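Working notes, structure below.
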Amino acid sequence: MQAERPAPEPTPQTSAFWEACRQGTLLLEFCPTCQAYQFYPRGFCSRCGGESVEWRPSGGRGTVYAWTVTWRAPSPAWEVPYVVAVIQLDEGPRLYANVIGEDAVDVAVGDPVVLTWEKRGATISLPQFRRVRTSKLGDEGTSLSGDRGGD
Amino acid sequence: MWAMQRRYAVVGVAESDLGVVGPGVTELALQVQASRRAMADAGVAPNEVDGVFVQSSSSERMPALLLAEYLGLHPRYADTTMVGGCSNLQQLEHAVAAMDAGLCEVALIAYGSTQRSSGTRQLGGPPEDPRSPRGQFEVPYGLLSPIGPYALAMSRYQALYGARPEDFGGLAISTRQWANLNPVAYYYDRPLSLSEYLNSPFISAPLRREDICLVTDGGGAVILCRAERARQYRHPPVLIAGFASIVRGHYWVPGLDELLTTGAAVTGPVALARAGVQLADVDVWEIYDAFTIMPVLAVENLGLCAAGEGARLLGDGRTAPGGSMPLNTTGGGLAYCHPGMFGIFLVVEAVRQLRGSCGIRQVAGATVALCHAYGAAFSAESTLVLTRE
């Protein structure tokens, strides 16, 4: 039996986040006092301590801040090579994600990326990213919401 | 002048057995061995030790209690600070502060781990609670730990500065040359060539196997006391001139302001100022090298060179035996030993260099040593400056 990749387990501070993921939306906490987004969500602002953080949807676009191509799997659930990156969202905060797609292993710092989703277990939709490709007609890679399929 | 500058000394140092100790030897046994050797090295009697500072990389939750009991110590002060690989350096700071506050007189700092023989090292790191921040937002992505965060830093470093694999290879080769002078180093009998470095497989690209430290068993211990008291013991005291630490996170690399601006940017200048020492005064460098990118980022952030210059600087041979910048004179985590954490070994070697007791590895005339350690993937760092009296 194929081993399963690990799934996150939502908590009271993150249940809204993961529910929004299931609906195809990446939510970020925004602090109106600091006028800044933060990630990961924790129910209060980690800069000022304020509790008035509010959820705002991310536009799902960013760039690759750093990448690594994993060649030794940490468990049988993973098929190498695969890419793990720190993604810099256009809104400011950074997060971990895989860069998926057939061109993922050619990823470079600064590459523009767009949000996509990977089903993980029965209840989780995991934020992932694809490299943005421009065709001769100028259209871009993948729609950012509603794309629930994974590689 | 900093009130604690040169008021405390290291009087005893020792390693335990290193390498592969075999299935019957516990980490407690290595901590005990290192501790007893360090006490013997100093000529300190066990009943003089009244502060115990211990760490390991295992799941033992009360290592200070266990070690004190086994050694027959009755400490007034116990500390099991766990901030990753720099834990023993932060414990050294705590020991100095405790002694300065009159809470203990003679401090034992010890480390030991059998992660190699017990087979407990995992590429993905220890299991995480799936509800924790890392369990939700890191583990699902399969990042190796702690290899992954350093690979991320290396990719960004190479992209911003155009550093070549040959530069990092040069550092690995220079470090191996020190190991080839050190009979207890894991790779004592194995030189490293550039082609071997370049042909070694990617583990988490751009980190190759030869960019990554060993996985061994091992332990170490140091004994500290006031400088005045230190003179009664067996060796010339090595003085703690200055130190500084920082704590910034828990492996959460995406939350750092700038991945390549590391804690050394803060701890280096503060430690040097406290010590009354300039970078140009440093004779021997012991910088945690679990990954080749670590000394590279350290020397830049300590201010030794500009951002982006560190790989070329450390890769050109100057850090090798006979060079102008002796670095990691044991052979480092890359080639001497690496039992999960490395901070204690930086101190043991720096003290030996300043005592003049390193034989063919001796840096002639070494008077000032700088130790720098990382913990938990850029989460905690410490700089320590030691001097001869």
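Key figures
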| quantity | calculated |
| --- | --- |
| Gaussian network model of chain B, springs between alpha carbon atoms under 10 Å - residue of B:Leu89, B:Leu334, B:Leu71 with greatest fluctuation | B:Leu71 |
| Rounded tilt (10° steps) of B:343-355 against the dominant C-alpha axis of chain B | 70 degrees |
| Packing-based ranking, highest mean first, of B:366-372, A:38-44 given that Cβ atoms within 10 Å are counted | B:366-372, A:38-44 |
| Separation between Cα centres of segment B:328-370 and segment A:37-62, rounded to whole Å | 45 Å |
| Cβ-based net charge around B:Ala3, under 10 Å, with every Lys or Arg adding one and every Asp or Glu removing one | +1 |
| Dipole moment magnitude, nearest 20 debye, segment B:20-171 about Cα centre, only Lys, Arg, Asp, Glu C-beta charged | 500 debye |
| Shielding by partners, peptide B:127-133 (average Cβ within 10 angstrom, other chains) | 4 |
| Per-selection Kirkwood Rh - segment B:294-389 (Cα, Å, 1 d.p.) | 14.1 Å |
| CD proxy at 222 nm, helix term only [per DSSP H run n ≥ 4: -39500 (n - 2.57); per residue of chain B; nearest 500] | -9500 deg cm²/dmol |
| Computed Rg/Rh of segment B:1-108, alpha carbon atoms with Kirkwood Rh | 0.96 |
| Cα-based Kirkwood hydrodynamic radius, chain B, one decimal, Å | 20.6 Å |
| Neighbour net charge for B:Gln90 - beta-carbon separation under 11 angstrom, K R +1, D E -1 | -3 |
| Positive minus negative residues near B:Asp100 (Lys, Arg vs Asp, Glu; Cβ under 10 Å) | +2 |
| Extreme residue, positive dipole direction of segment B:1-105, given options B:Met82, B:Leu18, B:Leu92 (C-beta unit charges) | B:Leu92 |
| Segment B:103-248 - charge dipole about Cα centre, Lys and Arg +1 at Cβ, Asp and Glu -1, debye rounded to 20 | 280 debye |
| Projected-area average for chain A over all orientations - Cα convex hull basis, square nanometres | 10.0 nm² |
| Gyration tensor over alpha-carbon atoms, segment B:282-344, equivalent ellipsoid semi-axes in Å | 19, 14, 10 |
| Zero-based 20 Å bins, Cα pair distances in the protein assembly as shown, whole percents | 22, 52, 24, 2, 0 |
| Listed residues B:Leu239, B:Leu28, B:Leu279, most fluctuating in chain B (Gaussian network, C-alpha, under 10 Å) | B:Leu279 |
| Estimated dipole of the protein assembly as shown in Debye, rounded to 20 [Cβ of Lys and Arg +1, of Asp and Glu -1, Cα centre] | 480 debye |
| Beta bridge orientation in segment B:275-389: antiparallel %, DSSP, nearest 5 | 60 percent |
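No value in this document is a laboratory result; all are computed from the given coordinates. The model shown is predicted, which means the values in this text are computed figures rather than measured ones. Cβ atoms come from the backbone with ideal geometry, glycine included; neighbour counts cover every protein chain shown.
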